[in-house]
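These notes are about the structure you will find just below.
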Amino acid sequence: MVSVIHSVAAQSDFEHSLQTLVEGLPAVEAERLRRAVDFARGIYGDGQLGSGEAVWGHALGMALIVAGLKLDADSRLAALLFAVPAILEFGLTRIESDFGRSVAHLVDGISRLNRLRPISRGFVAHSIDSGEKNPQELRSQIEVLRKMLLAMVEDIRVVLLRLASRTQTLRHYAAEPDELRVPVARETLELYSPLANRLGVWELKWELEDLSFRYLHPEIYKEIARHLDEKRTEREQFIADAIDRLKSELAAAGVGTPEIYGRPKHIYSIWNKMRKKGVEFSEVYDVRALRVIVEEVRDCYTALGIVHHIWSPIAKEFDDYISHPKGNDYRSLHTAVHCPDGRAIEVQIRTREMHRHAELGVAAHWRYKEGSGTTPEDRYDEKIAWLRQLLTWRDDVADSSDWVKHYKQAAFDETVYILTPQGRVVDLPRGATPVDFAYRVHTDIGHRCRGAKVDGALVPLNTQLATGQRVEIVLAKHGGPSRDWLNSSLGYLFTHRSRVKVRQWFASLALEDTLAEGRSVVVRELQRMGQTGVSLDELAVRLGLAGSDDLFIAVARAKLNIRQLQVAVRGTDMPVDERLVGELPVRRQRDSDVAEKGILIVGVDRLLTQLAGCCKPVPPDPIVGFVTRGKGVSVHRLDCSNFTNMRGMHPERVIETTWGLKTDSVFAADIVIDAHDRQGLLRDVSDILAREKINVIAVNTQSRQGNAHMSFTAEVGTMAQLNRTLALLHQVEGVVGARRA
């Protein structure tokens, strides 16, 4: 069994404690420890921790636990000196100069994990006390906390030191009850005892669980303890008799010098078994348990056969963890049997090497694994890699490829773990900024983000975050994101998710402006016509649109003109058939007329025509004609959405139309430019249009929150000229988009 000192208070003789502390170390290392003891006692004085425990008492107890785990001198020194940086200015520098860089590195690692402790405790306690309605969310947060702990650790020994520190804290609460012990116990069961279990440090795991259970459920704890104490003498005699019989049978079978002893059953594990199986205390088979330690693996199976021969095995109570080890490499044979008097007993059988690993976990792997030609540094790197694999916190899997796949996916070096002010943990890709963090927490927080505090200090919004930092977002009451955030060269946004959220906000803003503009035009026209009581939704349906919002957008974007709106409001239709074409007005065309520009109406000569203002077709756009009332034929682009709506309502008015051979005319085209606003932007755009000999007949520019939106109606001769102009406009500084409307 591991020799762990269970209470500092029990060490009345300080010299005996010191002797235990240096046990197994060379004389030089023992002298370093004695110097560290004198140094730490002088620094700590009568200081106390937040738990109320004396700093020196905690340090000594922690160091004794580490010594019980057979860790090296540096680990024991780090335990003794863990609080020096918090008390002494430039404490880490002093530790490095007096006791070495390795010890200073370990102490720094402990300090980093201690900064995480109150936040994680606060989250776990709040989630459970408040009756967390979403257990999946709670489990997810705990998983992220565990991964965060891993990401903050670079040395295997720091984790073991943290477990030792928590064990010492719970021991203190056993002697000095405090209101903090309940949230500390909850945090221990959620975070630290699973860690000890995964590492296989069973002695600490059992003590962490039992003490935590004692504080969380004192009545149940006392009841189970009473059951164990009531029959202690009888149980001890029963175990002694079973050991004697099994020893004699093993000796007769030639299994040399086995070690057999009774294994104490821990209260928390008894309660867990009772709860999971729904049984009473009397039905827990392994309250009475033996452990058999042999030399060879074959002796394990020989001993198993003898156990099943002298006692009756209980069905479904056998597990072979030698052939199928657990995920933490735990190996042993487990079986439960009935004795002749009806009482049950559990038996565990393992080799000495398996036992060392089971008792000490990582510490055993470290201390007893023999290298074959590898350097200490190589073995140390191997241990760190192994620790990182274990701390992926996944349940045991049957397929090792699944384990490797998961481990590669959980590449902690590519992820940072950030704390909210409430103690929740947010995982983000490395390179993320406070703005990314804000959008990860909530979209509205991202939109209203105006500043950020990292660990209490204001930082620029394009600061890259690191694991373990606590971030608080400074919010505006109203408003939205800045256009600058979308400028990749400024580094405000790193994640794709944040960029999408910002773009969606600006798209929604533009849509709101369009709706407002269209609504204003429609309402004004209805007021002029004296038709304010008209249902806008019915009017939209009459025009082939889904609803009033679509009507407003169509009017604002000139996909629907005022004439069409007036006709729909009055609800009058003029039937049009083939005779209508002959009745359409025909007049002599001027140079500016469409007929002179080379538009041919198939089967009709010198028909009054006009280019549609909604789509402004330009050769060689595919075109089509639509017979209007009193204004001849309106010529549209074939892909014009306005024409599509009209064709759906009056298909009989559609007339086939093509471009003629005349090519020296000019045509109106709408050009839309989006850009980051700056001084001289309009001048540079105008220079491009002038160089291309394009005449601008209308212009409308708007600037909002550093963003410019420009609309030009220009006369162009050909589509090639228009495309060349758009390409040149794209090259103007600040322009993010130039397109034909």
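We did not get these values from a lab; they are worked out from the coordinates using the rules stated. Quick caveat, the model's predicted, so the values are computed rather than measured. Methodologically, a virtual Cβ is constructed for each residue, glycine included, from the backbone with ideal geometry; neighbour enumeration extends over all protein chains shown.
Some points to look at:
- Residue order, fewest to most surrounding Cβ atoms within 10 angstrom, among Tyr439, Tyr417: Tyr417, Tyr439
- Couplings 3J(HN,Hα) of region 516-522, computed from phi: 5, 4, x, 4, 4, 5, 5 Hz, in residue order, whole Hz [Karplus 6.51 cos²θ - 1.76 cosθ + 1.60, θ = phi - 60°; x for Gly and Pro].
- Assuming charge only on the beta carbon of Lys and Arg (+1) and of Asp and Glu (-1), the dipole of region 412-480 about its Cα centre is about 320 debye to the nearest 20.
- Convex hull projection area averaged over all views, region 412-480, Cα basis, nm²: 4.2
- Ranked Ser488, Ser193, Ser482, criterion: other C-beta atoms within 10 Å, fewest first: Ser488, Ser482, Ser193
- Assigned charges on the beta-carbon of Lys, Arg, Asp, Glu; region 673-713 dipole about Cα centre (debye): 60
- Within-9-Å neighbourhood charge of Ala36 [Cβ basis; K, R +1; D, E -1]: +2
- Cα lying deepest toward the dipole's positive end in region 412-480, options Asn462, Gly423, Val474, charges on Cβ: Val474
- Taking other residues whose beta carbon is less than 13 angstrom from the beta carbon of Lys477, and scoring Lys, Arg as +1 and Asp, Glu as -1, yields +1.
- Legend: distances between Cα atoms for Lys276/Lys326; Lys477/Lys559; Lys501/Lys693; Lys70/Lys316; pairs beyond 31 Å are Lys477/Lys559; Lys501/Lys693; Lys70/Lys316.
- Between Ile655 and Gly625, Phe626, Val627, the built amide H atoms are under 5 Å apart, and every one of these is 5 or more places off in sequence or on another chain.
- Among the trypsin sites (Lys or Arg not before Pro) in region 437-497, those located in a DSSP loop and surrounded by at most 12 other Cβ atoms within 10 Å of their own Cβ are Lys477.
- As a ratio to 2.2 N^0.38 Å, the alpha-carbon radius of gyration computed for region 634-741 takes the value 1.28.
- Residue-count net charge about Gly680 - beta-carbon cut-off 12 Å; Lys, Arg +1, Asp, Glu -1: -2
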